[in-house]
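I have placed the structure first, in the form of C-alpha cells, so that the comments after it can refer back to it.
What follows draws every value from the coordinates through simple rules; no lab data is involved. Owing to the predicted nature of the structure, the values given are computational and were not obtained by experimental measurement. Please note: Cβ atoms are built from the backbone with ideal geometry, for glycine as well, and neighbour counts cover all protein chains shown.
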Amino acid sequence: MTNPFAIVCENVGSSLARRGTLSMPNRKTIETPAILIYTNAGAVPHLTRDIVQSMLGYENLALNISLGHFIKFPGTYGLKKMEQNIQEFAGLNEFPTYLSVQDSLNPMPHHFNDKSTVSVWDSAGRRRIEVQDYELFVKQAAPDLFECLGDTLQSSVSNKRADKSINRSVQHLDNLIGLFGEDSNRKLFASLEGGDLIDKRVSMARTVSQRPVAGFAVNGIREDSYSDDVALLTNLLKRVYGELPVDKPRLLHSVGSPRMILEAIANGTDLLDGSYLTKLKYKNIALNIPFEIYHHQEATEHSQINSIMINISNVEFKEYLQPISSQCPCYTCSKYTCAYLHHLLITKEMLLPTLLMIHNINQYQRFFSEIREQITKQTFDNYKKKIDNLCKSNPVTI
Amino acid sequence: MPVGTQGSLKGILPEQLESLDCKLMLGNTYHLGNRPGIKVLESVGGLHKFMNWNNGLLTDSGGYQMVSLVKMSKVSEEGVEFRSPHDDSLMLLTPEMSINIQSKIGADVIMQLDDVVSSLTTGPRVEEAMLRSIRWLDRCISAHKRKDQHLFGIIQGGLDLDLRRKCIKQMTQRNLPGYAIGGLSGGEEKDQFWRVVSLCTELLPANKPRYLMGVGYPLDIVVATALGVDMFDCVYPTRIARNGTALVPWGTINLKRQSLCYDKQPIYPDCCCYTCKHFTRAYLYTLLSMDEVSALSYISIHNVAYLLSLMQNARTAISNGKFPQFAETFVKTLFPDLDYPVWVVNALNSVGIIL
C-alpha cells in the first residue's frame with residue numbers, strides 16, 4: 001500500500017497551510033495546494049482540448065469530472081461496449097482525473113436521497129445511484145481518484161436529518177471500501193458531511209478518520225454562508241481537519257473566491273474544486289490578481305482595472321485598448337484588448353467565455369503556484385494578509 | 001471563406017483557424033461599423049489587430065443587409081438608410097461611407113456597396129438595382145483611396161440573364177481586380193441559379209477572381225467551381241455546427257442522434273481535423289447531451305476543415321487535370337442511389353462533366 005500523498009513542507013507561522021504532492025500511476029504528480037479544474041462531461045467549459053493543452057499548459061493541471069455527466073451517456077454499459085475507460089472516452093489521457101459524485105455547479109437537493117441511493121442529475125433528469133451502480137461505473141471508468149457517495153446536505157437541516165445523512169454516508173463509505181479493497185487506499189476519497197452543523201461534521205470526521213482511504217472531501221459547504229464571517233469557515237475546517245490524519249489530502253468543494261481559497265488553505269486544505277471559475281464566466285468577470293512576480297503597476301485612470309475582479313460588461317471598456325492585465329502572460333491578455341472582449345460581449349459572440357476561461361484559469365494556476373511558493377518560503381501568512389486586504393477594499397460578490 | 005461577421009468566427013479561435021490553413025475570412029462592414037464602430041477599429045489599427053487574425057480578410061460592403069434587414073432599411077440614390085436594431089438610431093450608408101469604413105477596417109479585399117434585391121424580386125426594381133449598383137460602383141471607385149485594398153465589383157441583375165449581361169459589360173470596363181456574383185442564394189430555383197452563375201463566369205474576364213457571394217452548400221460549391229467560380233463564403237458550416245450537425249461526404253450527420261451514443265468512430269474516419277483525430281461520435285454526443293459549448297467548437301472545427309479540404313482537393317484535381325473525376329466522385333458519394341438533382345446534371349453537363 002502506498003499513500004499517494006506526501007507533505008513536502010508545512011507553514012511554521014500561525015496558519016496550518018501545507019505544501020504536498022499527490023502522485024498517481026502514469027500521471028504527472030500534482031503539487032498541492034492545487035485546484036481541480038471543473039469540467040462538463042470531461043471538457044473544460046468552452047475550451048477545446050487543443051486550447052487546454054496549448055493555453056493552460058500541462059503544469060499541475062488536474063480535472064474534476066462528475067458522475068452525472070456520464071452516467072446516462074455513455075454510462076457503464078456504453079463504456080464497456082466501446083471498451084473504453086473515461087480517460088480514453090473523453091480524450092483525457094494525460095490529465096489526472098478526480099471523479100466526484102455531485103456536479104459542484106448543480107448539486108442535487110438532498111431530499112431526493114434515500115437510505116440506499118444518492119441522486120445525481122444526468123443529462124435527462126434525476127437518477128438514483130446505488131453503491132453497486134457506482135462500483136460498476138468506477139471500475140469501468142477507472143478515474144485516477146474518486147469520491148465516495150455521500151448524502152450531501154445542500155441546505156440547513158435538523159439534527160435528526162444530519163444524523164441520517166452521516167449514517168448513510170458512513171454506510172456508503174464502508175460498502176465501497178468493502179467493494180474496492182486495497183484500491184480504496186490509493187483512490188477513494190471519503191465524503192465528509194454534516195451540513196452547517198459543526199458538531200455533526202466533527203463527529204463524522206472522527207468516525208471515518210481511520211478508514212483506509214486515499215483522502216477526504218468536504219462536501220456541502222456553501223461559500224455564501226461564510227463570506228460574511230470567514231471565521232466561521234476557519235473554525236469549521238480547523239475542527240474537522242483536526243480529526244483527520246495529517247498525511248492524507250483534504251479536498252474542499254464549492255469554495256472558490258480568492259479570499260476563501262486562502263482561508264481554506266490556511267487551515268490545511270490541499271485541493272479545491274474550480275467550479276468558481278465557471279461561475280465567473282457567467283458574470284463576465286475577469287480576475288486581476290496582483291501577483292508578486294509582477295512589477296508594481298501604476299494605477300490607471302480606469303478604476304475597474306485596479307480591482308481584483310473586472311467586469312467586462314462595464315461600458316468603460318468600450319474603447320479601452322489595453323488587455324485585462326498588461327503583465328498577465330496568458331493567451332487572452334497577450335492577444336486581445338478589453339475593447340475586443342467588451343465587443344464580443346455586446347455581440348454575444350461565443351469566443352468571450354472561451355477567452356475569459358483561458359484567462360481566469362491561467363490566473364488561478366498562477367495564484368496557486370504563488371501560494372505554494374509562499375508556503376515554501378514561509379511567507380504565506382503575510383501573503384494571505386495582503387490579498388485579504390485587497391479583497392476587502394474591493395468587495396466583489398458574484 | 002468562413003464568415004466572422006462581427007469580428008469573430010463563432011466557436012473557433014484565430015489560431016485554430018490558422019492551423020486549418022485558412023487563408024481568408026470574411027467580416028461585415030455594416031455590422032462592424034455599428035459595433036465596435038469606426039473609432040475603436042481605427043484607434044486599434046484595423047480589424048486584423050482587433051481580432052488577432054493575421055491572414056487575409058474580406059469585408060462585405062453592407063449591401064446584403066438591405067435584404068437580410070429589409071424591414072429596417074430604405075434605399076435611395078444617395079445610399080441605404082438603416083434603422084439600428086440596437087438603439088433605433090438611423091444610419092445612412094452611402095457608397096463613399098462604405099468604402100471609408102472598409103478602409104478603416106483594413107481588410108485585404110473590400111466590396112463595393114451594391115443595391116441588392118432578393119433574388120425572388122421581379123419587375124423594374126431588379127433593373128433599377130442593377131443600374132444603381134453600377135453608379136454606386138463608380139462612386140466607390142472614386143472614394144477608394146487605399147490602394148493596398150482590392151476593390152471588387154458586384155454583378156447584379158437578379159435572375160434576368162440580359163440584365164446580368166448588361167451589368168457585366170459595364171462593370172468589367174472598370175477593370176477591377178476581381179468581381180463578385182451577387183444577389184443569388186436567396187431561395188431561387190436551383191435551375192435558374194446555375195444558369196446565372198454559368199452566364200457570369202462565361203462573361204467575366206478569365207484572369208480575374210470570381211466570387212460567388214453567400215454560397216453555400218458543399219454541392220453548390222462543387223458545381224459552381226465546375227462552372228468557373230473561384231471564391232465562396234458561407235455561414236453554413238459554422239451555423240449547422242451550432243445545431244450539432246457535421247459535414248460528411250455523403251451529406252450531414254447530426255451528432256445529437258441517439259443512435260450515435262456508443263459510436264466509436266470519429267465524425268468522418270478519413271478526416272484529418274483535430275476533432276476527428278481525437279474524439280468519437282459517442283463523446284461528441286455526450287458533450288451535446290450535457291449542453292457543453294465546446295462540442296459546438298469541435299463540430300465547427302470539423303466543418304470548416306471539411307470545406308477547406310474539399311476546396312484543397314478541388315484545386316489539386318484541377319492542377320492534375322482531373323477535376324471532372326473529382327466532381328463526379330463527389331456527386332456520386334452524395335447521391336449513392338444516383339438520384340441526382342436535375343440542376344446538378346444540367347449544370348455539370350454544360351461544362352462537359354457527364355454524370
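What's the magnitude of the charge dipole for the protein assembly as shown around its Cα centre, counting Lys and Arg as +1 and Asp and Glu as -1 at the beta-carbon? Answer in Debye, nearest 20.
Charge dipole of the protein assembly as shown: 200 debye, to the nearest 20.
Note down the net charge around A:LYS384, summing +1 for each Lys or Arg and -1 for each Asp or Glu among other residues with Cβ under 10 Å from its Cβ.
It works out to a net charge of 0.
Among DSSP beta bridges lying fully in region B:124-262, give the percent that are antiparallel, nearest 5.
30
Could you give the semi-axes, largest first, of the ellipsoid that matches region B:239-305, computed as the square roots of 5 times the alpha carbon gyration tensor eigenvalues and rounded to whole Å?
In descending order, the three semi-axes are 15, 13, 11 Å.
Kirkwood Rh over alpha-carbon pairs of region A:284-392, then Stokes-Einstein at 4 °C and 1.567 mPa s: what D in µm² s⁻¹, rounded to an integer?
It comes out at roughly 89 µm²/s.
Is the C-alpha gyration tensor of chain B telling us rounded, prolate or oblate? Criteria: a/c under 1.5 is rounded; beyond that, a/b larger than b/c is prolate, otherwise oblate.
oblate
How big is the gap, in Å, between the Cα center of region A:321-357 and the Cα center of region B:250-318?
Answer, in whole Å: 28.
How would you classify region A:5-280 from its alpha-carbon gyration tensor, with a ≥ b ≥ c the square roots of the eigenvalues: rounded for a/c under 1.5, else prolate if a/b is greater than b/c, otherwise oblate?
Rounded is the answer for region A:5-280, as its axis ratio a/c remains below 1.5.
Within region A:57-79, which residues have the backbone N less than 17 Å from the label spot 7 Å out from A:LYS28 along Cα→beta-carbon, could you tell me?
In region A:57-79, the label zone of A:LYS28 (backbone N under 17 Å from the point 7 Å along Cα→Cβ) covers A:57-64.
So in region A:62-169, what percent of DSSP beta bridges are antiparallel if you round to the nearest 5?
Around 45 percent of the beta bridges assigned by DSSP in region A:62-169 are antiparallel ones.
What full-extension length gain, to one decimal in nm, is calculated for B:SER142 and B:ASP162 as 0.36 nm per residue of separation minus the Cα-Cα distance?
4.5 nm
How high is the relative contact order of chain B, given as a whole-number percent (alpha carbon pairs under 8 Å, six or more residues apart)?
Relative contact order, chain B: 13 percent.
Would you list, by chain and number, the lysines whose Cα falls below 20 Å from the Cα of B:LYS145, excluding same-chain residues fewer than 8 positions away?
The qualifying lysines are B:LYS39, B:LYS104.
Which cross-chain or sequence-distant (5 or more) residues have an amide H under 5 Å from the amide H of B:VAL248, H modelled 1.01 Å from N in plane?
Result for B:VAL248 returns B:ILE253.
Within the set A:LYS279/B:LYS256; A:LYS385/B:LYS10; A:LYS139/A:LYS377; A:LYS384/B:LYS10; A:LYS348/B:LYS190, which residue pairs have Cα atoms separated by over 32 Å?
Violating the 32 Å limit, Cα to Cα: A:LYS385/B:LYS10; A:LYS139/A:LYS377; A:LYS384/B:LYS10; A:LYS348/B:LYS190.
If we count GluC sites (Glu not before Pro) as exposed when they sit in a DSSP loop and have at most 14 other beta carbons within 10 Å, what is the longest stretch of chain B that avoids them all?
Counting at most 14 other Cβ atoms within 10 Å as exposed, the longest clean stretch of chain B is B:190-355.
With a cut-off of at most 16 other beta carbons within 10 Å, and DSSP calling the residue loop, which chymotrypsin sites (Phe, Trp or Tyr not before Pro) in region A:1-106 qualify? Please list them.
A:TYR58
For region A:21-114, what value does the Rg/Rh ratio take when both radii are computed over Cα atoms and Rh is the Kirkwood radius, given to two decimals?
Ratio of gyration radius to Kirkwood radius for region A:21-114: 0.99.
Calculate how many DSSP beta bridges within chain B are antiparallel, expressed in % of all such bridges and rounded to the nearest 5.
Close to 35 percent.
Ratio to report: Rg/Rh of the protein assembly as shown, with Cα atoms as the point set and Rh obtained by the Kirkwood method; give two decimals.
1.05
Work out the FRET efficiency for A:ASP183 and B:THR333 from their Cβ-Cβ distance, taking R0 = 51 Å, and round it to the nearest 0.05.
0.55
Using only Cα atoms, find the angle between the long axis of helix B:323-334 and the longest principal axis of chain B, and express it within 0 to 90 degrees, rounded to the nearest 10.
60
Give me the dipole magnitude in Debye, nearest 20, for chain A about the Cα centre, with unit charges on the beta carbon: positive for Lys and Arg, negative for Asp and Glu.
Its charge dipole is roughly 480 debye.
Can you give me the angle between helix B:124-143 and the longest principal axis of chain B, using Cα atoms only, in degrees from 0 to 90, rounded to the nearest 10?
80
Can you check what the net charge comes to around A:ARG27, using other residues whose Cβ is under 15 Å from the Cβ of A:ARG27 (Lys, Arg +1; Asp, Glu -1)?
-2
Determine the principal axes of the Cα atoms in region B:227-355, then give the extent along each, sorted from largest to smallest and rounded to whole angstroms.
The Cα atoms of region B:227-355 stretch 49, 28, 23 Å along their principal axes.
Using a cut-off of 9 Å between beta-carbons, work out the net charge of the residues near A:ASN40 (Lys and Arg +1, Asp and Glu -1, A:ASN40 not included).
Local charge sum for A:ASN40: -3.
By how many nm would the segment from B:ARG257 to B:GLN312 grow when fully extended, if each residue of separation counts as 0.36 nm and the alpha-carbon distance is taken off?
Answer, rounded to one decimal: 16.8 nm.
Rounded if a/c is under 1.5, else prolate if a/b beats b/c, else oblate: with a ≥ b ≥ c from the C-alpha gyration tensor eigenvalues square-rooted, which is region A:62-114?
oblate
Hey, how many Å between the Cα centroid of region B:121-161 and the Cα centroid of region A:45-100?
53
Divide by every residue of the protein assembly as shown the summed helix terms, -39500 (n - 2.57) for each DSSP H run of at least 4, and state the resulting mean residue ellipticity at 222 nm, rounded to the nearest 500 deg cm²/dmol.
The per-residue figure over the protein assembly as shown is -12500 deg cm²/dmol.
What is the extension gain from A:SER313 to A:LYS386, computed as 0.36 nm multiplied by their sequence separation minus the C-alpha to C-alpha distance, in nm to one decimal?
Stretched fully, the A:SER313-A:LYS386 segment lengthens by 23.5 nm.
Name the helices (complete DSSP H segments) of chain A with a Cα length along the long axis of 18 Å or more and a Kyte-Doolittle mean of at least -1.0, or state none.
Helices meeting the span and hydropathy rule in chain A are A:159-180, A:230-243, A:351-376.
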